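The values are calculated or read from the model by the stated rules, or taken from the named source; none is laboratory data. Fair warning: this is a prediction, and the values are worked out from it, not measured in the lab. Neighbour counts are summed over all protein chains in view; Cβ atoms, including those assigned to glycine, are modelled from backbone coordinates with ideal geometry.
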Amino acid sequence: MEPAAASVAPTGSEPAAEPARSRHAAKRSILWKGQYLQFATVGLFNAVVDLGILNLLMWLWPTTNSTGLTVENSLAVALAIANSYLWNSRWTFRRESDGSFRQIILFVGQSLLNIFINDAALLLTAGQVRQLHLGPAWVKINLSKGVAMAFASSTSYFIMRLFVFRPGAGHRT
């Protein structure tokens, strides 16, 4: 017969492990939600920059061909991404941001992927939206751009959260 295992009751100074894990999980969930709201706020400002620049370029050099639209869109997205880095590194991901070479390289890689996804989604949806009777070309392009921005920014958040500004990677508190 095996001896009975001794049970050790927690003393008043030792917190129970399970409630501590639950509190930690709840705190992480709140941080993720708050961080996503900050990211979304920055995203709204990025949308203003992105759409503003794209529409300015379309007004200065009107185009509906794929090459011209891709060039104008890529420039608009690149400027929005620069705005994104400024605000996300200083506000949304400030605890994880350390300005290291690693983070900058990962952010640039994420940015290039974001431009590619944004351009691809814009061109794919623009072809479909052209068939609809929604008014002038700029209205159709802006509708397609909205879809592209939603898809690309969602992808961008998860890449920045999980790889670029991953928790525990920063040096600031």
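Annotations
- Just one of the listed residues (Thr92, Thr125) is among the hydroxyl-bearing types (Ser, Thr, Tyr), modelled with pLDDT under 85 and closer than 18 Å to Ser154 by Cβ, namely Thr92.
- Taking the criterion of being surrounded by 14 or more Cβ atoms within 10 Å (Cβ to Cβ), assigned to a helix (DSSP H, G or I) and among the hydroxyl-bearing types (Ser, Thr, Tyr), the only residue of region 54-72 that qualifies is Thr70.
- Odd one out for Leu56 among (1) touching a residue at least 40 places away in the same chain (Cβ under 8 Å); (2) over 12 Å from the mean Cα position of the chain (by Cα): (1)
- Every condition in (1) modelled with pLDDT under 90; (2) over 18 Å from Thr155 (Cα atoms) holds for Trp59 except the one numbered (1).
This table checks each residue for (1) surrounded by fewer than 18 Cβ atoms within 10 Å (Cβ to Cβ); (2) modelled with pLDDT under 90.
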| residue | (1), (2) |
| --- | --- |
| Ala17 | yes, yes |
| Ala26 | yes, yes |
| Ser29 | yes, yes |
| Tyr36 | yes, yes |
| Gly52 | yes, no |
| Ser74 | yes, no |
| Ile81 | no, yes |
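- Subset of region 95-106 (residues that are at pLDDT 85 or above and buried (at least 21 other Cβ atoms within 10 Å of the Cβ)): Gln103
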